[in-house]
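Report on the following structure.
The values are calculated or read from the model by the stated rules, or taken from the named source; none is laboratory data. As the structure is a prediction and not an experimental result, all values here were calculated from the model. Here the Cβ positions follow ideal geometry from the backbone for every residue, glycine too, while neighbour counts run over all protein chains shown. SASA here: full protein model, heavy atoms, side chains in, ligands and nucleic acids out. Shrake-Rupley method; radii C 1.70, N 1.55, O 1.52, S 1.80 Å.
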Amino acid sequence: MDLERLERELARSGSADALDRLARSETGTRLAARFDGAAAEDAVRRGDTEALAAMMRSILSTPEGRQFAAQVQRAVDGHGR
């Protein structure tokens, strides 16, 4: 995945601002605190998609996590502006 291209596309579409607001929200910061960023970065470097999927499943296993994921999807789709 070309993260720089993704970043440019999100900025172009206006989704970046909506995603930033979500990330800084109370729910976003609470969920982020449950997420081990160092472990995720390590898994990305190793290409360990199963470890990344397990991390996402742990977040998405909660109603709050599922609701947040839906908000992120709406923001990426352009409906969260």
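Report those helices (runs of 4 or more DSSP H) wholly inside the chain carrying at least 1 residues which are aromatic (Phe, Trp, Tyr) and open to solvent by less than 90 Å² (accessible area, probe 1.4 Å). Before you say what the answer is, go through the steps one by one.
Numbers: elements: 3-13, 15-24, 26-34, 37-46, 49-60, 63-76.
The qualifying helices (runs of 4 or more DSSP H) are 63-76.
Of the residues that sit in the stretch 17-62 and are polar (S, T, N, Q) and in contact (Cβ under 8 Å) with a residue 24 or more places away in the chain, which one is farthest from residue 78 (Cα to Cα)?
If we filter the stretch 17-62 for residues that are polar (S, T, N, Q), which is where we start, we get 25, 27, 29, 49, 58, 61-62.
With the extra rule that they be in contact (Cβ under 8 Å) with a residue 24 or more places away in the chain, the set shrinks to 27, 58.
Details: 27: 20, 58: 26 Å.
Of everything passing the filter in the stretch 17-62, 58 is farthest from residue 78 (Cα to Cα).
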